[in-house]
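Colleague: Here you go, one structure.
The values are calculated or read from the model by the stated rules, or taken from the named source; none is laboratory data. Predicted model only: the values in this text are computed from it and were never measured. In this analysis, Cβ positions are derived from the backbone assuming ideal geometry, glycine residues included, and neighbour counts consider all displayed protein chains.
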Amino acid sequence: MNKKTFGMIGFGDPFQDLIVELDQLPKTNVNIRMNDYCFQGGGNVPTATVAASVLGLRCAILGVSGDDLFGHASVVDFTYNHVDTSHFLLDSGKRSNFCLCVTECKISGKEFISKPGDFRALKVDDLDEQFIKSAHILHLGDLLTPAKIQAADWIHESGGVVSIDAAYYRPDIYENYRYLDLFIASETYFNSLCQDKGAMTCEAAARLIHSQGPEIVIFTLGEKGCVGVYGDTYFEQSAFPVKTVDSTGAGDVFHGAFNYAYLQGWDIPTCARFSSAVSAIKCTAHGGRAGIPDRATVERFLKDGVIGQSWLHDRQERYRQGFFSKDK
């Protein structure tokens, strides 16, 4: 078995998000004032990786971005959050993924307007086998590319596991359950699965997927919490009530927190409870990253329901300043 240097490697390309808060979207040709804004790193796998790192796991990111302003901002953001970027590539002359995330306060609405970058995708020949085998967990957002299939094979050869953020019901995911160990899917995935296979309960859907390979299957259901199956056991976890400011990235953060908790050796319901708490705390701040708590903040919240503000205040102020200077 390979020596494990990293708790988790996230294999996914980042976005740079511009989060804008409005009372409500304006009508055409109307100029309104926004309430607030900030730039934050985004993307489901990168944000999960940041969350796991903030909680205390040694993490690395494997992916590509453009060699532009947003690409360099991503590197500084990862570095700020102690995520190793030694295998993260900036593609020269290319543009990064960008997303405008709009929250509408009056209707609790949320819109995402995104522009994918034009950088290249990683190929199998780009991968460092020993680097990938040095992690306990390889975290994916899809299995679309041969490079990700190869990485999954290598992590299994080394005794590690593969986790996935199954946000959407796609053939590259449901045809490849055998590659996946920690399968955490969205409510959207569950609903699409039911449209394809017929109406069923969350428990039945989780057991159906579990029978095809994954060790653990969980559906995250937003304000309804999460449900899951491991072995013969079915469990449910309620969501924690908090004053939600922005749910952007809540699912991504849940994945990173769950992988952190899983590697602590905790039982699965405890992992789900911990991850739900991390996700809830994140929702008290704008964007996917500024509200990610450290472990001490989570433990206090689980003990007495109080969200300590000193840690989160410092993070939020840092993100308000942005990550566009390479020397910050």
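Colleague: Based on this model, can you work out whether Phe70 counts as of a type outside the set (Ser, Thr, Tyr), assigned to a helix (DSSP H, G or I) and under 22 Å from Asp142 (Cβ atoms)?
Modeller: When the stated conditions are applied, Phe70 passes them.
Colleague: What residue, among those in the range 18-37 that are in a strand (DSSP E or B), touching a residue at least 40 places away in the same chain (Cβ under 8 Å) and touching a Leu at 6+ places or on another chain (Cβ under 8 Å), is nearest to Arg120 (Cα to Cα)?
Modeller: Leu18
Colleague: Just give me the residues in the range 298-320 being in a helix (DSSP H, G or I) and either at positive phi or within 19 Å of the chain's Cα centre (by Cα) (or both), in sequence order.
Modeller: Answer for the range 298-320, where residues must be in a helix (DSSP H, G or I) and either at positive phi or within 19 Å of the chain's Cα centre (by Cα) (or both): Val298, Leu312, Arg315, Gln316, Tyr319.
Colleague: Could you list, in sequence order, the residues of the range 220-246 that are in contact with a Lys or Arg (Cβ under 7 Å, 6 or more places away or on another chain) and either at pLDDT below 95 or under 21 Å from Asp304 (Cβ atoms) (or both)?
Modeller: Within the range 220-246, Gln237, Ala239 qualify.
Colleague: Read through the list (1) buried (at least 20 other Cβ atoms within 10 Å of the Cβ); (2) not in a helix (DSSP H, G or I), then give the number of the only condition that Tyr262 fails.
Modeller: Failed condition: (2).
Colleague: Something else: Could you list, in sequence order, the residues of the range 26-53 that are among the aliphatic types (A, V, I, L, M) and out of contact with any Gly (no Cβ under 8 Å at 6 or more places or on another chain)?
Modeller: Correct list: Val30, Ile32, Met34.
Colleague: Sort out which residues of the range 1-60 are acidic (Asp, Glu) and surrounded by fewer than 23 Cβ atoms within 10 Å (Cβ to Cβ), and write them in order of number.
Modeller: Glu21, Asp23, Asp36
Residue by residue, here is whether (1) at pLDDT 95 or above; (2) under 18 Å from Val45 (Cβ atoms); (3) of a type in the set (Gly, Ala, Ser); (4) under 19 Å from the mean Cα position of the chain (by Cα) holds:
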position: Cys101; (1), (2), (3), (4): no, yes, no, yes
position: Lys106; (1), (2), (3), (4): no, no, no, no
position: Val124; (1), (2), (3), (4): yes, no, no, no
position: Phe131; (1), (2), (3), (4): yes, yes, no, no
position: Ile149; (1), (2), (3), (4): yes, yes, no, no
position: Ile155; (1), (2), (3), (4): yes, yes, no, no
position: Val161; (1), (2), (3), (4): yes, yes, no, yes
position: Leu182; (1), (2), (3), (4): yes, yes, no, yes
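Colleague: Please name all residue pairs, on different chains or six or more residues apart, with Cβ atoms under 6 Å, provided the first residue is in the range 247-265 and is without any contact (Cβ under 8 Å) to a residue 40 or more places away in the chain and the second residue is assigned to a helix (DSSP H, G or I) and of a type in the set (Phe, Trp, Tyr).
Modeller: Ala261/Phe274
Colleague: Let me ask something else about it. Could you check the range 89-147 and list, in sequence order, the residues that are touching a helix residue (DSSP H, G or I) at 6+ places or on another chain (Cβ under 9 Å), over 17 Å from Asp68 (Cα atoms) and part of a strand (DSSP E or B)?
Modeller: Ala135, His136, Ile137, Leu138, His139, Leu140
Colleague: Within the range 42-84, can you find the residues that are over 22 Å from Val298 (Cα atoms) and of a type in the set (A, V, I, L, M, F, W, C)?
Modeller: Ala60, Ile61, Leu62, Val64, Leu69, Phe70, Ala73, Val75, Val76
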